[in-house]
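Below is one structure, written out as structure tokens; comments come after it.
Where a number appears in this text, it was derived from the coordinates with a stated rule and is not lab data. All values reported here derive from a predicted model rather than from experimental measurement. Positions of Cβ are backbone-derived with ideal geometry, glycine not excepted, and every protein chain shown enters the neighbour counts.
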Amino acid sequence: MTTVSDICDQIGRGRIADSLGVGTTAVSNAVVAGAFPAKWYLVVHQLCLEDGMECPQALFNFTSVAPPVLPALKAVG
């Protein structure tokens with residue numbers, strides 16, 4: 001499975017940082033965290049496509065949506 005570190009090593013932290021308009025420290029922080037910020041997905045995905053590598057969505061810290069909380073039902077009778 002591809003990791004954040006794999007992507008950064010192949011594409012290069014500098015190239016990712018330049019494409020995102022962030023510093024290389026931000027990219028290195030993502031490597032340490034083991035996840036890219038969700039807002040980086042489109043840019044990192046495009047870079048991965050250009051380099052012929054996979055870009056699993058699981059490597060991004062997307063917010064999951066919790067199922068709705070339903071009100072308790074009252075007993076009839």
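Enumerate the pairs (first residue in region 3-19 and within 15 Å of Met53 (Cα to Cα); second residue anywhere and charged (D, E, K, R)) with beta-carbon separation below 7 Å, excluding pairs fewer than 6 apart on the same chain, so at least 6 apart or on different chains.
Cβ pairs passing all conditions: Gln10/Asp51; Ile11/Asp51.
Being free of Cβ contacts under 8 Å to residues at least 24 places away in the same chain and charged (D, E, K, R) is the filter here; which residues of region 20-70 pass it?
Lys39, Glu50 - these are the residues of region 20-70 that are free of Cβ contacts under 8 Å to residues at least 24 places away in the same chain and charged (D, E, K, R).
Being exposed (fewer than 13 other Cβ atoms within 10 Å of the Cβ) and part of a helix (DSSP H, G or I) narrows it down to one residue among Val32, Val27; which is it?
Just one listed residue meets the conditions, Val32.
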